[in-house]
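Engineer: Provided herewith is a single structure, encoded as structure tokens, for subsequent inquiry.
The values are calculated or read from the model by the stated rules, or taken from the named source; none is laboratory data. Because the structure is a prediction, the values reported are computed rather than measured. In this analysis, Cβ positions are derived from the backbone assuming ideal geometry, glycine residues included, and neighbour counts consider all displayed protein chains.
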Amino acid sequence: MGRAIRIVSLALAIVIAGSAMLLVASRLSSPESVSIATYRHSGSLPVWVARDVGFFAGRGIGVKLVEFSGGALAAHALLTGGVEAATFPSVLALQKVSAGASLRLLHATADLLPGTSQLLARADLNIRSLEDLQDRTVGFEALESACSPCEAFRQAIDRVGVRIVPVAVPDYKIADAFRAGTVEAAVVSQPFNSLAVEDGVAYVVRDPRLGPGGDAAVAAFGSVANGSSDSEWLASAGLWAEEAFLKTRPAVARKVSLALADAAAWLRDPGNGQAARDILIRYAGGLGTMEFFHRASAAVLSTTTWRSYPDGYTDWQGLQAQADAYEGMRLLDSPLDVRAVVSTPWFEP
Amino acid sequence: MRPKARHALGVAGVVAVLLVVSLVPLGRTADHLDQPFPGLPPENDITDVYAFHPGTSEQDLGKVVLVLNVHPLTMPGMSPRFSTDARYLIKVDTNGDAVADIAYRFTFDDDDDDDDDDDDDDERQRVRVETLRGRNARNSDGSGRTSARGWTESIVRGTGNSWLFAGLRDDPFFFDLLAFRGLHSFCDGQTADTFKGFNVMSIVWQVPTRSLGKSANIGVWATIEMPMPDDDDDDRVPGPGLTDDDDDDDERFVQLDRMGRPAINTVLISTGNKAAFNAGAPKDDPANFKSDVVAHLIALDPMHRPARADFLASILLPDVLTFDTSAPSAFLNGRGLSDDVIDAELSLLTDGALPGDCVDGNDVAFLGAFPYLAPPH
């Protein structure tokens, strides 16, 4: 009996030791893994590119991707530890930080260009200035809730004392709304502003008080000097992580950041334009034909510039502008100094 | 130190930032605009499915109301039409195998017949309901018995004490979609019902409870099928559940969209699988989509428990709206028009960490009588 027990014990010990060795070996040979949540939005494109083109793998990182349709769920997954990093709108991130969350901007990739949101007028009308909007029906994607571009345009209109009739119109239905006469003008974001103009349904109102490109939303922030002759608009397409992740896995965090910088460089290469559109369609496609998707993705990418810096620099000044503006909208509990938010173990502002 | 000019902008409250503007249209919630299928027009996009008793009295428990809504975020003043090519189907499983035992097939027609005196510019459409049972209910081309025939925008009495309404109605769904997208937090000062003031195209079909079979426990889901040429489109619709004709020369009906419970495809299925999910059949859901659903559930659970995720996935799949018709309806037992399904599902998926969106009801009152949904804006 005792001999049998010894044999069984020995066999178990061998199995356990063997399993442990296999586990260690697999850990040593397989890439380090990180879980990332994205949401169906072009702000997640750098992550999708880094995965699909192989930049994560090239940096020795394996990525477990969890796709969400809404940024709220991606943020929830990050804040509860369901994933180690996530993309979601900066307003939500700054709200969470303002409420006490220890979020850090792991990497910021994209800046917006004028033309991201524009005031359109119906093709058969002669609306050339803000004053021409007097008593006109003007569409906004949302009337009662947070729609930042809507708010920027509404305030630009308010400043000249013009009275309008606001109407809620989903961006993607703007062409129908113009054709049906539901609205005479509308604030519309990419890609639907570009598509409406291309289709001859509407034209862009280029009142200089709406800023360059007729984009009051981008103009609201102004350009931010980045220390060179260039200027940037605002940091976006952020990948967020909790501070604990950066402290406990700094090497992995840095590799993730480097892979996103690789993705940004790839996105900047005009030769990759079609491939970039294909990836965007694959992950963020919605209602429409493939022909629509190609036009829409091209329009979205035409007003995005993919800046990125492998040393961890982010456009903190642009982010600060956002935080100040959100505070003005009472979306933040208190003023934020975003430099702490963008700090990383390898970057000191 | 903040640049002064920028601070002034903040004080002015001028805000920009949708980050990089989305390629994704606004509505993406219960099932609105959930599919990436190329070429799908809004009249073939299911927004919501409901199954409920009209009240709690014994008489009301003897009726089941089935609702299929399409055409999300229809603006007031617009009068969209149902597709005359599509087959709109509400399917009922009566024995718990996630296979249709009854199918109600709704088809629409624009043609004016010679026995009709309506003006040519009449915006109404003819509507026909067929009831398919047994094997016919499982076959897209199965033959059925005509249960009602009439016009859109009017109440039609069908056979066997059934009632039909098809037409424009207020969208009964309520949700803070912008918070879901992440443009602000749930329940902050920006909370609003994104669907307030918008309409949908509704099919409301009321039948006697007893007509749904002997078992009180049913499962309900809806599908939309469109005819497609059977030549070069094979690679456009991935996944299972296609309804092929045998004859290659014929057109075939392809399932474009489907929905049982709210938000299953929208929230728990990855983008690359959404078209396959929409084209699929509920009975295949556990085999085809459980791993995807589990991955999402683990990430959303504050404790990230695989066992809980697996258990929940086995409840949520197959994606059918389960309904014990012997009891009053209230989500998750069926789905009534006023049920706050978003609060229920957010709380369930996040184990209470996200208790809801603070939008607790529709923007207009529902009707106390058929067709129950409020008139359009």
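Engineer: I need the full set of residues from region B:221-267 which are surrounded by fewer than 17 Cβ atoms within 10 Å (Cβ to Cβ) and at pLDDT 50 or above, in order please.
Structural biologist: B:Pro227, B:Pro229, B:Asp230, B:Asp231, B:Asp232, B:Asp249, B:Asp250, B:Glu251
Engineer: Residue check, B:Ala295 against (1) surrounded by 16 or more Cβ atoms within 10 Å (Cβ to Cβ); (2) part of a loop (DSSP other than H, G, I, E, B), all met but one. Which one?
Structural biologist: Unmet for B:Ala295, out of (1) surrounded by 16 or more Cβ atoms within 10 Å (Cβ to Cβ); (2) part of a loop (DSSP other than H, G, I, E, B): (2).
Engineer: Being within 14 Å of another protein chain (Cβ to nearest Cβ), in a strand (DSSP E or B) and either out of contact with any Ser or Thr (no Cβ under 6 Å at 6 or more places or on another chain) or surrounded by 22 or more Cβ atoms within 10 Å (Cβ to Cβ) (or both): is that true of B:Val207 here?
Structural biologist: Considered against the rule, which asks whether it is within 14 Å of another protein chain (Cβ to nearest Cβ), in a strand (DSSP E or B) and either out of contact with any Ser or Thr (no Cβ under 6 Å at 6 or more places or on another chain) or surrounded by 22 or more Cβ atoms within 10 Å (Cβ to Cβ) (or both), B:Val207 comes out as no.
Engineer: For B:Ile218, are the conditions met, namely being modelled with pLDDT of 95 or more, farther than 29 Å from B:Thr84 by Cβ and buried (at least 24 other Cβ atoms within 10 Å of the Cβ)?
Structural biologist: yes
Engineer: Further question: Out of B:Pro286, B:Pro282, B:Pro262, report the one residue that is more than 14 Å from every other protein chain (Cβ to nearest Cβ) and under 30 Å from B:Phe370 (Cβ atoms).
Structural biologist: The match here is B:Pro282.
Engineer: Next question, about the same structure. Go through (1) closer than 22 Å to B:Asp110 by Cα; (2) without any contact (Cβ under 8 Å) to a residue 40 or more places away in the chain and name the single condition B:Asp141 misses.
Structural biologist: (2)
Here's the yes/no breakdown for (1) at pLDDT below 90; (2) surrounded by fewer than 24 Cβ atoms within 10 Å (Cβ to Cβ):
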{"residue": "A:Phe88", "(1), (2)": "no, no"}
{"residue": "A:Gly100", "(1), (2)": "no, yes"}
{"residue": "A:Leu105", "(1), (2)": "yes, no"}
{"residue": "A:Thr109", "(1), (2)": "yes, no"}
{"residue": "A:Leu120", "(1), (2)": "no, no"}
{"residue": "A:Gln134", "(1), (2)": "no, yes"}
{"residue": "A:Phe140", "(1), (2)": "no, yes"}
{"residue": "A:Ala156", "(1), (2)": "no, yes"}
{"residue": "A:Ile174", "(1), (2)": "no, no"}
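Engineer: I've got another one for you. Looking at region A:147-172, I want the residues that are closer than 10 Å to A:Ala186 by Cβ and have a partner that is in a loop (DSSP other than H, G, I, E, B) and modelled with pLDDT of 95 or more with Cβ atoms under 6 Å, at least 6 apart or on another chain. Which pairs are those?
Structural biologist: Between residues of region A:147-172 that are closer than 10 Å to A:Ala186 by Cβ and residues that are in a loop (DSSP other than H, G, I, E, B) and modelled with pLDDT of 95 or more, the close pairs are A:Val167/A:Val183; A:Val169/A:Val183.
Engineer: Please find, within region B:145-197, the residue that is surrounded by the fewest Cβ atoms within 10 Å (Cβ to Cβ) out of those that are closer than 14 Å to B:Ile342 by Cβ and of a type in the set (S, T, N, Q).
Structural biologist: Among residues in region B:145-197 that are closer than 14 Å to B:Ile342 by Cβ and of a type in the set (S, T, N, Q), the one surrounded by the fewest Cβ atoms within 10 Å (Cβ to Cβ) is B:Thr191.
Engineer: Sort out which residues of region B:310-346 are touching a Lys or Arg at 6+ places or on another chain (Cβ under 9 Å), part of a loop (DSSP other than H, G, I, E, B) and under 30 Å from B:Pro76 (Cβ atoms), and write them in order of number.
Structural biologist: Hits for region B:310-346 are B:Ser329, B:Phe331.
Engineer: So if I check each of A:Ala74, A:Ala86, which one is under 13 Å from the mean Cα position of the chain (by Cα) and assigned to a strand (DSSP E or B)?
Structural biologist: Checking each option against the conditions leaves just A:Ala86.
Engineer: Restricting attention to region A:47-71, and to residues there that are closer than 28 Å to B:Ala353 by Cβ and part of a helix (DSSP H, G or I), which single residue is nearest to the other protein chains (Cβ to nearest Cβ)?
Structural biologist: Among those residues, the one meeting the criterion is A:Gly71.
Engineer: Mind listing whichever residues of region B:347-369 are free of Cβ contacts under 8 Å to residues at least 12 places away in the same chain and outside any loop (DSSP other than H, G, I, E, B)?
Structural biologist: Selection gives B:Ser347 alone.
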